[in-house]
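The values are calculated or read from the model by the stated rules, or taken from the named source; none is laboratory data. Just so you know, these numbers come straight off a predicted model, no measurement behind them. Note that we place each Cβ from the backbone using ideal geometry, even for glycine, and neighbour counts take in every protein chain shown.
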Amino acid sequence: MRSSDLPSDREQLLERLKRLGLHGIASSLDGMAELGPVAALLGLEEADRRRRSYERRLRHARIGAFKGIADFDWKWPTRVDRVALDELFTLGFVEEGTNVILAGPNGLGKTMILRNLAHHALTQGLTVRCVSASEMLADLAAQDSSAALRRRLRRYCVPKLLCVDEVGYLSYDSRYADLLFEVVTHRYEARRPIALSPIRGARKPPFSTSGAWPYITWNGCMVISTLPDYPSHGGRRSGCTSNLTPEHAQKCQVCGQT
């Protein structure tokens, strides 16, 4: 690229002003001989907006207290695919619209990883919602009208990343299954992924031979695909906290064991 093709300081400043909606200042920029003070004030405004955006998104995310990933004991569990975890934290799956499963026995740090993932997404400017499956479904079921339910669904369908913990901890009826399917369907259509941390023991959802996402049965009333493949969007991702690879997940049936 030639130096003449590069945007000038004035053009860069004009673009930043328009991006912040400061059109009055932008229209008066040509009459200003000294741009230094404007650039300094603009930098302060940008920093303050980033701070307020992060605080607002953090408040809405409801992540709660968690231990940082830097304090994770990599010697427990005995098998951890660090490469897969590092790839997960690049957030490439968010851009791909691909779901993630963190599966394994209880007490290995799935919730900690899920909350760290949610917080990392926030620091990268994404909107996030972190919730347990029972809390989300009870909240949706409590809505007393179709209009109220549509409004409340936005809480779980609008954020760029939805992190659902403790899936399968409780047994749910067909009404709750319908509500979960509503959330998954809306997010699938919008290509907004779900990061899921299931509970081992309450239910053992089998993987199909085609490598599809797991199926969960609640009270024998309904069998639904909780996390459908994204064939039209190019792939999917699955894993386990003991070995975050699709091959191991298929062997262990989302329970972390071979």
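Can you pull out every residue in the range 33-58 that is loosely packed, with under 13 Cβ neighbours inside 10 Å, farther than 29 Å from residue 122 by Cα and among the hydrophobic types (A, V, I, L, M, F, W, C)? Of everything in the range 33-58, just one residue is loosely packed, with under 13 Cβ neighbours inside 10 Å, farther than 29 Å from residue 122 by Cα and among the hydrophobic types (A, V, I, L, M, F, W, C), namely 33.
The residue that is surrounded by the most Cβ atoms within 10 Å (Cβ to Cβ), counting only those in the range 150-159 that are out of contact with any helix residue (DSSP H, G or I) (no Cβ under 6 Å at 6 or more places or on another chain) and either closer than 20 Å to residue 96 by Cβ or touching a residue at least 24 places away in the same chain (Cβ under 8 Å) (or both), is 159.
Evaluate the following for residue 58: is it in contact (Cβ under 8 Å) with a residue 60 or more places away in the chain and outside any loop (DSSP other than H, G, I, E, B)? When the stated conditions are applied, residue 58 passes them. Exactly one of (1) in contact with a Ser or Thr (Cβ under 7 Å, 6 or more places away or on another chain); (2) at pLDDT 90 or above is unmet by residue 93. Its number? Among (1) in contact with a Ser or Thr (Cβ under 7 Å, 6 or more places away or on another chain); (2) at pLDDT 90 or above, residue 93 violates only (1).
Of all residues in the range 109-125, those satisfying the criterion of being buried (at least 22 other Cβ atoms within 10 Å of the Cβ) and either charged (D, E, K, R) or outside any helix (DSSP H, G or I) (or both) are 110, 115. Of all residues in the range 18-64, those satisfying the criterion of being polar (S, T, N, Q) and over 30 Å from residue 111 (Cα atoms) are 27, 28. Here residue 133 clears all of (1) surrounded by 18 or more Cβ atoms within 10 Å (Cβ to Cβ); (2) touching a helix residue (DSSP H, G or I) at 6+ places or on another chain (Cβ under 6 Å) except the condition numbered (2). Could you go through the range 95-106 and let me know if any residue there is under 24 Å from residue 167 (Cα atoms), over 20 Å from the mean Cα position of the chain (by Cα) and loosely packed, with under 14 Cβ neighbours inside 10 Å. So far as the range 95-106 goes, yes, one or more of its residues are under 24 Å from residue 167 (Cα atoms), over 20 Å from the mean Cα position of the chain (by Cα) and loosely packed, with under 14 Cβ neighbours inside 10 Å. Checking residue 108 against (1) at pLDDT below 90; (2) outside the structural domain of residue 180 (by TED's automatic domain parsing): exactly one of these is not met. Which one? Exception for residue 108: condition (2).
Pairing residues of the range 117-129 that are on the phi > 0 side of the Ramachandran plot with residues that are not in a loop (DSSP other than H, G, I, E, B), at Cβ distances under 8 Å and at least 6 apart in sequence or on separate chains, gives 125/53.
Scanning the range 59-86 for residues that are over 24 Å from residue 135 (Cα atoms) and surrounded by 15 or more Cβ atoms within 10 Å (Cβ to Cβ) returns 69, 72, 77, 80, 81, 84, 85. Of the strands (runs of 3 or more DSSP E) contained entirely in the range 139-231, those carrying at least 2 residues that are modelled with pLDDT under 85 fall at 215-218, 222-225.
Of the residues 41, 29, 22, only one is over 30 Å from residue 117 (Cβ atoms) and either of a type in the set (Val, Ile, Thr) or in contact with a helix residue (DSSP H, G or I) (Cβ under 6 Å, 6 or more places away or on another chain) (or both); which? Please lay out each step first, then the result.
Values: 41 fails: either of a type in the set (Val, Ile, Thr) or in contact with a helix residue (DSSP H, G or I) (Cβ under 6 Å, 6 or more places away or on another chain) (or both); 22 fails: either of a type in the set (Val, Ile, Thr) or in contact with a helix residue (DSSP H, G or I) (Cβ under 6 Å, 6 or more places away or on another chain) (or both).
From the options 41, 29, 22, the qualifying one is 29.
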